[in-house]
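Each reported figure results from applying straightforward, stated rules to the coordinates on display, with no laboratory input. Computed from a prediction, not measured in an experiment: that's the story for all the values here. Positions of Cβ are backbone-derived with ideal geometry, glycine not excepted, and every protein chain shown enters the neighbour counts.
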Amino acid sequence: MSRRLRRLLVSLAVVVSLAVGWFSIRTAADLAAAAAPPPAPPVSMQALRAALEQEQARADSLQQQLNDLLGATGDLTTAIDATKVNVTADGETAAQLRARLKAAEERLKVLTRLLKEASARLAALGASGPTVPPVKPAGGTSGGGSGGGSGGGTAPPPAPTPRPTAASSGFSLALQPGGGGVIASWTTCTASGFSAYAVVRSLDSEIHYPPEDRDTLVATLTSPSDTSYADGAAPAGRAWYRVYCLTRRDGETRTAAATNTVSITVP
């Protein structure tokens, strides 16, 4: 290839490269112009002021709505607090009613048991009937109706002498509410060989010492001058109390006397 032809080809390649570069630049400029946002129209000061006033009014409206919402929230909080107080009071009232109902059920069980025992005793008395000791006739068996013989009549055995009650012996009990429960006070026991006072509480009128079912040993006081005791653990409802005077002889503890049984209703 001649030198002249080679120069011609190089010049032609340069021209083509310049044309392609110009075309690329032009295309990129057109694309950039097409992608650019449209120019914003000019805005006057009056339009800006009107828009600002609208935004301010909108902000004031939102603030008023926020204040109303805060007020409604405060009212709702107050209502919720009042509801909690009412629920708490209702819960306490329900607990008190349950306690009273339970105490009433216990008393009903006691009455039912006492009625059953009384019915059983009446049935036993009705079945056995009164027992009358036999009395021999006044005349002897060998005599023909003459009196004063050796086979004279036998008198019925004398009735047993009843044991004196606690009230007649001067050992008595009194109850009064106080001390968060029941205050029991009693007279002094003068039995010889005094050991202690035993204060027993029961859920029914049948009290025993040593305690049995439904009985509770409330306190044991070893001084004869301690004649009162505050039972702060007394349950709500009706309860029965009795105090026993205990003595100690020959290494054995015995019940020398007992007060009367007294009942009280604990609130």
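State, to one decimal in nm, how far the label point of Leu221 lies from the label point of Ala59, with both points 7 Å from Cα in the Cβ direction.
8.2
log₁₀ I(q)/I(0) of the stretch 49-125 at q = 0.16, 0.21, 0.27 Å⁻¹, via Debye over equal Cα point scatterers, no solvent, to two decimals?
-0.81, -0.95, -1.09
Can you work out the Karplus-derived ³J(HN,Hα) for every residue in the stretch 79-93? Use 6.51 cos²θ - 1.76 cosθ + 1.60 with θ = phi - 60°, whole Hz, and x for glycine or proline.
For the stretch 79-93, the Karplus curve yields 5, 5, 4, 5, 5, 4, 4, 5, 5, 5, 5, 5, x, 5, 4 Hz.
Give me the aspartates and glutamates in straight-line cross-link reach of Lys84: C-alpha distance below 15 Å, same-chain residues under 8 apart excluded.
Of all the aspartates and glutamates, those that pass the test against Lys84 - Cα under 15 Å, at least 8 places apart if same chain - are Asp75, Glu92.
For Leu114 and Ala36, compute 0.36 nm times the residue count separating them, minus their Cα-Cα distance, and round to one decimal in nm.
17.6 nm
Could you state the orientation-averaged shadow area of the convex hull built on the Cα atoms of the stretch 1-70, in nm² to one decimal?
So the Cα hull casts an average projection of 10.2 nm².
Could you name the aspartates and glutamates whose alpha carbon sits less than 15 Å from that of Lys116, not counting residues in the same chain fewer than 8 places away?
Correct list for Lys116: Asp204, Glu206.
On full extension of the chain, what length is gained from Gln46 through Ser11, given 0.36 nm per residue of separation minus the C-alpha to C-alpha distance?
Gain on extension, Gln46 to Ser11, equals 6.3 nm.
Dimensions of the stretch 169-266 along principal axes (Cα, Å, largest first)?
In descending order, the Cα extents are 41, 27, 22 Å.
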